[in-house]
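This report refers to the structure that appears directly beneath it.
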Amino acid sequence: MMRSLEEVQATLEIAKLKEEDLVPTVQCLSFGDNVSSADYCLMELDETLCRHIEAGDSLVIRGDKDEHAVLCSSDRTYDLKIADTSNLLLFVPGCRTPEQLTDSRGGSRVEHAQIWGFCNSYWELRKQRPKLKKLKKLLMENPYEGPSLGGQEENTENRYTMEDLLERIQASEEELKSHLETIHACQIEGYWRVLDFDYEMKLLGHVTQLVDSESWSFNKVSLQTSLEELAPLEPREMIEHCLNCYGKRYAENGEVFYALHEDKVCRGLALMLLQNAVKFNLREFQDVWQQSVPEGMSTRLEQLKGVALVDRTSRPETISLLRVDDLPEDTVERFNQLFSLREKWTEDDITPYIQDLCGEKQTTGALLTKYARSSMQNGIKVFNSRRPVAL
């Protein structure tokens, strides 16, 4: 039964509320037939996602059965969590807010609205890092080792298109494409492939040897000449892909050139030297490393942050391979593994291995405060685990 204006006024009088203190329009709510809390789910959106939806773009929930679901827009990833509320949330189509009730002509009146559903929880979104570790794991199931030789059939199993990867990886499309570029993946016959490391270094070796033999500046490597000279050795698209990975493309007088990125080239060649050694004498490594890079390039240990670890406490000093890509994505697991590898870390040493864990407006210092304990050792601040770690 719908309430009349007289019934509403009588209720106000019992509640000792003055009618003139309220908006003139009274909205009476009633439950519809067969209303259930299971009929709807609510999701709280920030302004960015609201604009995204209003523009007609879609949001996608991603995750395998054994993964915690995430929500992805075209360029961001959000963690999904259920938030309970003590207030009952009602779904009332046609119900208006006080700001929308601006027409005060004609005095008090009653409007009726029907409740379509209710809920006492909602999905809360929090921007998070995309979960990209799985991407390289999938692509490494079948790395590209170069064109097949002597009529050998190429392995066609475990190959993934962009659509396949979007189904499997908890990341937005933009974040996924960016990481594919970071790990030097390329599209071959419609499938995204990561190059076998030895094959990638073989391609880089061809390019750096050509630069030396032609006496080019590594800041001006001709694409056309590189393709012509190296085409008998490797596919032209692989040579160009290598130049894209290790250089910056630019045009001059209608011709395309690449400026090789010194840090990327030096880091790649360092990884080649370190991959088969458990530990390398630091001084010997630095000598061999410098000799392996193109003339005019300078090697520096700063180029190896996040891929190699120097031990200054050993005699002689050593360097070993430790790539941040090989560490766990979970923050607690990451710190546990780092402290199992080394009991005490300086801030300079540990920062490259935790920087990617920082959320928006979060610093490595805040992470260290939360997950590590600091102390002074020989006048230098070091960090160790807050809890016992199995070595």
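Around the Cα centre of the stretch 197-260, unit charges on the Cβ atoms of Lys, Arg, Asp and Glu (plus for the first two, minus for the last two) sum to a dipole of about 200 debye.
Judged by the gyration tensor of its Cα atoms, with axes a ≥ b ≥ c, the stretch 5-127 is prolate; a/c meets the 1.5 cut and a/b is the larger of a/b and b/c. Size descriptor for the stretch 197-260, Kirkwood hydrodynamic radius: 11.6 Å (Cα pairs only, one decimal).
Based on alpha-carbon atoms, the Kirkwood radius and the radius of gyration of the chain give Rg/Rh equal to 1.15. Taking 24 Å as the limit for the C-alpha separation, the pairs Lys344/Lys370; Lys137/Lys264; Lys248/Lys279; Lys134/Lys279; Lys81/Lys361; Lys264/Lys381 exceed it in the case of Lys248/Lys279; Lys134/Lys279; Lys264/Lys381. Taking Cα centre as origin and charging only the Cβ of basic (Lys, Arg, +1) and acidic (Asp, Glu, -1) residues, the dipole magnitude of the stretch 125-239 rounds to 900 debye.
Taking every C-alpha pair closer than 8 Å and separated by at least 6 residues, the mean separation divided by the residue count of the chain gives a relative contact order of 11 percent. Counting charges near Gly190 (Lys, Arg +1; Asp, Glu -1) among other residues having Cβ under 12 Å from its Cβ returns a value of -1.
Subtracting the Cα-Cα distance of Thr48 and Arg236 from 0.36 nm times their residue separation leaves 63.4 nm of extension gain.
Against the chain, whose longest principal axis is taken from its Cα atoms, helix 331-341 shows a tilt of about 30°. Here the Karplus curve 6.51 cos²θ - 1.76 cosθ + 1.60, taken at θ = phi - 60°, turns the phi angles of the stretch 161-170 into couplings of 7, 4, 4, 4, 5, 5, 6, 9, 9, 8 Hz, with x standing for Gly and Pro. Note that the stretch 137-186 shows a convex hull volume over its alpha carbon atoms of 81 Å³ per residue. Once a ≥ b ≥ c are taken as the square roots of the eigenvalues of the Cα gyration tensor of the stretch 111-170, is the result rounded (a/c under 1.5), prolate (a/b larger than b/c) or oblate (a/b not larger than b/c)? Because a/c hits 1.5 or more and a/b exceeds b/c, the stretch 111-170 counts as prolate.
The residue among Leu89, Cys41, Gly63 whose Cα reaches farthest toward the positive pole of the charge dipole of the stretch 5-127, with charges on the beta-carbon of Lys, Arg, Asp and Glu, is Gly63. Approximating the spin labels as points 7 Å out from Cα along Cα→Cβ, the Asn253-to-Met162 distance works out to 3.7 nm.
In the chain, excluding the sites themselves, the longest stretch lacking any of the chymotrypsin sites (Phe, Trp or Tyr not before Pro) that are in a DSSP loop with at most 15 other Cβ atoms within 10 Å is 117-391. The gain in end-to-end length when the Lys370 to Glu124 segment is fully stretched comes to 86.2 nm, 0.36 nm per residue minus the alpha carbon separation. Using every pair of distinct Cα positions in the stretch 1-59, the Kirkwood expression returns a hydrodynamic radius of 15.9 angstrom. Compared with the direct C-alpha span, the chain from Ser213 to Ala277 gains 20.1 nm at full extension, assuming 0.36 nm per residue.
None of the figures in this text is laboratory data; all of them are computed from the coordinates on show. Remember, it's a predicted structure, so these values are computed and weren't measured experimentally. No Cβ is skipped: glycine too gets one built from the backbone with ideal geometry, and neighbour counts run over all protein chains shown.
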